[in-house]
Structure formats: structure tokens, C-alpha cells
Amino acid sequence: MCGAALLAVGIWVSVDGPSFMKIFGPMSSTAMQFVNVGYFLIAAGAVLFALGFLGCYGAQTESKCALMTFFFILLLIFIAEIAAAVVALVYTTLAENFLTVVVVPNIKKEYGSQKDFTQVWNSTMEGLKCCGFTNYTDFEGSPYVMSSGTFPPYCCYNSVNHSFVEPCNSVSAHNMSVQGCFKQLLYDIRTNAVTVGGVAAGIGGLELAAMIVSMYLYCNLE
């Protein structure tokens, strides 16, 4: 059921991404900068659906092969999740450097020319009160700056009086020193660490329970 739900959401995001961002806010638009959320959800939904079907099939037909396959796939996913969590916690700087190499060139190439990409970044910067991935320099050479001669207004946001400094040129953006969205996102995640940790623990618990049940059925089949 979860797999089918993810498939449905993935198709929705692929067909109508703007409405998805309006409902789920800046965090959803932030995610869309790093991966194509629609395709990611479709892939994740398909894997979950197939995995769930495999587990149900193995339990219903008492197939040792299906149950063992289910167990090993779930074990691999569980190990990958733990590894990803460790890397994210221990190698945050390495992750930032890697994402900078991937994300910043896309900003310079597509911001201001690719409508959906520009809208994603505008939603993120507006929601998180940030500018670019690292700072305003990410937009240097972008179609937006080349055509307008200014930086996005979010890069000149005055958090004291909640206003925008105009025009948002390089001098204004430098003086305002608006924080990059990656650091702001990390701050938000750390602020909500209890919620994030609770969700992760819940998912891990479900996976462990599924592995235990599948192994129990496997060991008790004739």
C-alpha cells in the first residue's frame, strides 16, 4: 500500500510539480533541487510495491525462496540506510562539497532560463530565507543575472526589517550576506532532529520487524 501511494505521489509530482510544492512547502522544493522527486518517488514506490508483493507471496504460498529473497533485499536496504546516515552525520562537509559540484553549475546554467528549475529555487529561497546553494555568487553568470543585471531579490533580504534591498546588485548582495540554502536546510534539520530521528527510527523498526517475521516464517516452514 505504501508503494502504491508513493507511485501515485511520484506520478503527481511528475505531472504537476508546482502544486506539490505549494502543498508541502519549501522543504519539498529543496529536495527537488537535488533529485528529480517525481522519478525518485516512482522508483521508490515501484521497489516498495514489488518488495511488499514478494513478502506477501512468500508468506501466503510458504515459499522459502521468496521469503529469503525478501529478507536479503530488506537487509541490504537497511544497511544502506545506516551507511547513508553515518555518512550524512560524519561527512557533512564532504557531502556539501559533492553537492556544490553538482548543484552550482546547474544554477549557473538554468536559473532564469528553465521555468520549473527557477520556480523550485524561488520557492526554496522564499521559504527558507536563503540565497543560492552557498551564497549569491552561485548565480553569477546565470541567464537571470546576464539578462537582468541583478541577483534574485532573496539574496538582498534584510532580516531586521523584513524587506528587500533594491536593486539587488553584487554590492548589496555581498553586504547583506544572506546564508546559503544548504546551511539553512542543515539548521532546520538539526532544529527538528527529534522528529527526523523519530521517523528514521520508526522506519528502521518496521524493517527490522519485517526481517524478523520473514526469517521466523522461513525457519518454521517444512
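Count the net charge of all other residues whose Cβ sits under 12 Å from the Cβ of residue 142, scoring Lys and Arg as +1 and Asp and Glu as -1.
Values: positive: 108, 109; negative: 110, 138, 140.
Counting the neighbours of residue 142, the net charge comes to -1.
Short-range pairs are left out: with C-alpha atoms under 8 Å and at least six residues apart, the relative contact order of the range 73-222 is 21 percent. Per-residue 3J(HN,Hα) values for the range 59-72, derived from phi via the Karplus relation 6.51 cos²θ - 1.76 cosθ + 1.60 with θ = phi - 60°, read 5, 6, 9, 6, 8, 5, 4, 5, 5, 5, 4, 4, 4, 5 Hz in sequence order (x marks Gly and Pro).
Positive contributions from Lys and Arg (+1) and negative ones from Asp and Glu (-1), summed over other residues with Cβ under 12 Å from the Cβ of residue 103, come out at -1.
Over the range 72-221, give the accessible area per residue in Å² for a 1.4 Å probe, as an integer.
Values: 8870 Å² over 150 residues.
Computed with neighbouring chains in place, this is 59 Å² per residue.
Taking only the Cα atoms of the range 140-222, the radius of gyration and Dmax are 24.4, 76 Å. With the alpha-carbon atoms of the range 72-221 aligned to their principal axes, the span from lowest to highest coordinate is 72, 32, 25 Å, starting with the largest.
The values are calculated or read from the model by the stated rules, or taken from the named source; none is laboratory data. Just so you know, these numbers come straight off a predicted model, no measurement behind them. Using ideal geometry, Cβ is built from the backbone for each residue, glycine included, and neighbour counts are taken over all protein chains shown. For the accessible areas, the whole protein counts, side chains as well, though only heavy atoms, and no ligand, DNA or RNA atoms are used. Shrake-Rupley method; radii C 1.70, N 1.55, O 1.52, S 1.80 Å.
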